Amino acid sequence: MTRYATIVATGRYVPEIEVTNDMLRERFKHIPDFVDKMEASSGIKTRWHAPENWATSDVALPAAKLALERAGKKPEDLDLIILGTDSPDYITPATSVVLQYKLGAKNAGTFDVGCACASFPTGLSAAAGIIAANPGIKTVLVIGVYLMHKLTAATDPMVFFYGDGAGAALLEPAASPGFITATFRADGSYHDYWGIYSGGTFEPATEDSVKAGRTACTIKNRYPPELNEETWPIIVQRLAKDGGFNLRDVDCFIFTQVRKPTIERVMERLGVPVERAHTIMEQYGYTGSACVGMALDHAIEQGKVKSGNLVVMVGSGVGYNQAGCAFRMR
């Protein structure tokens, strides 16, 4: 019997500390019109931060609990946890194993996915393949989580983007898909454009690197503004071809939630009404590794994604990594 994987429940968590654009206007008043320009180019109006004594695993925990609760499952029912983030608790051990402990998922194995905003669709695709190939694995939690504001200097204007949050999905076997197809792209020539460049083996953290800000998230080079606009349609069209569906049949598109105008232009290129693309960056900011999972849960909550709907998800992260997947919702 062929095994497929399906999403049986989702969840998300948004912290309670709001950081509005007006608050950032005051913080960056020495940069004329900065926040106004960023708001216009991104669509972001506010973002939410976790308490300073929280780690990434603490942000992931409520989203994981909510997905389990909605599925009528207990932590002990989990066979595997796949956690995607580029703001981990530690360099090592994996953040997924910390979440496993805090969640009480004593029967679950874990691993991390570290390809930034591409992590959630990558994790979903990996979970679907593992479920299809392994009869002993029946319940998998995939979660994307972001706490980048803690790894960025408060004086760095890029904090305009960073919101904290987590999005989760619970996958189980099904008699029919479920998961339809996935595709991946990457271009490592961009690896030194945006990241945290001290604290690993390339440059272990030193007093000098900390003082110079190299252990914080920084942008060293500007990504070409058309990069996502040109590559997301390629990913979507590849998914449609491999998955055997037409773009007009897709009920909801979810892209990395960083610039709303980019999503609007991509939908125009695809020839699909922009209303089919769900966005959340307006109210949550750029939530990186978490944003695709958060947007999926929000779309379900808002009734924009229903049972039987075809959903396409595309994540694009620093490095750069890109991943896309297509699911028929249960």
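The values are calculated or read from the model by the stated rules, or taken from the named source; none is laboratory data. Source: prediction; values computed, not measured. All Cβ positions, glycine included, derive from the backbone under ideal geometry; neighbour counts span all protein chains shown.
Every condition in (1) in contact (Cβ under 8 Å) with a residue 24 or more places away in the chain; (2) of a type in the set (F, W, Y); (3) out of contact with any strand residue (DSSP E or B) (no Cβ under 6 Å at 6 or more places or on another chain) holds for F202 except the one numbered (1).
Just one residue in the set D242, D297 is of a type in the set (D, E, K, R) and surrounded by 21 or more Cβ atoms within 10 Å (Cβ to Cβ); that residue is D297. On inspection, S42 qualifies as of a type in the set (S, T, N, Q), surrounded by fewer than 22 Cβ atoms within 10 Å (Cβ to Cβ) and modelled with pLDDT of 95 or more.
For the range 215-254, the set of residues classified as over 30 Å from G303 (Cβ atoms), at pLDDT 95 or above and charged (D, E, K, R) consists of E230 only. Among residues of the range 165-200 being of a type in the set (D, E) and more than 20 Å from the chain's Cα centre (by Cα), the one that is farthest from G308 (Cα to Cα) is D192. Residues in the range 184-202 that are farther than 12 Å from C115 by Cα and either assigned by TED's automatic domain parsing to the domain that holds F120 or in contact with a helix residue (DSSP H, G or I) (Cβ under 7 Å, 6 or more places away or on another chain) (or both): I196, S198.
Yes/no matrix, rows are residues, columns are (1) in contact with a His (Cβ under 9 Å, 6 or more places away or on another chain); (2) surrounded by 24 or more Cβ atoms within 10 Å (Cβ to Cβ); (3) among the hydrophobic types (A, V, I, L, M, F, W, C); (4) over 26 Å from D79 (Cβ atoms):
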{"position": "G144", "(1), (2), (3), (4)": "no, yes, no, no"}
{"position": "T152", "(1), (2), (3), (4)": "no, no, no, yes"}
{"position": "G165", "(1), (2), (3), (4)": "no, yes, no, no"}
{"position": "T181", "(1), (2), (3), (4)": "no, no, no, no"}
{"position": "H191", "(1), (2), (3), (4)": "no, no, no, yes"}
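Considered as a group, the residues in the range 201-235 that are over 19 Å from the mean Cα position of the chain (by Cα) and assigned to a helix (DSSP H, G or I) include one that is surrounded by the fewest Cβ atoms within 10 Å (Cβ to Cβ), and that residue is E207.
The rows are residues; the columns are (1) under 30 Å from L61 (Cα atoms); (2) hydroxyl-bearing (S, T, Y); (3) in contact with a strand residue (DSSP E or B) (Cβ under 9 Å, 6 or more places away or on another chain).
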| site | (1), (2), (3) |
| --- | --- |
| D242 | no, no, yes |
| D249 | no, no, yes |
| C252 | yes, no, yes |
| V266 | no, no, yes |
| G271 | no, no, no |
| H278 | yes, no, yes |
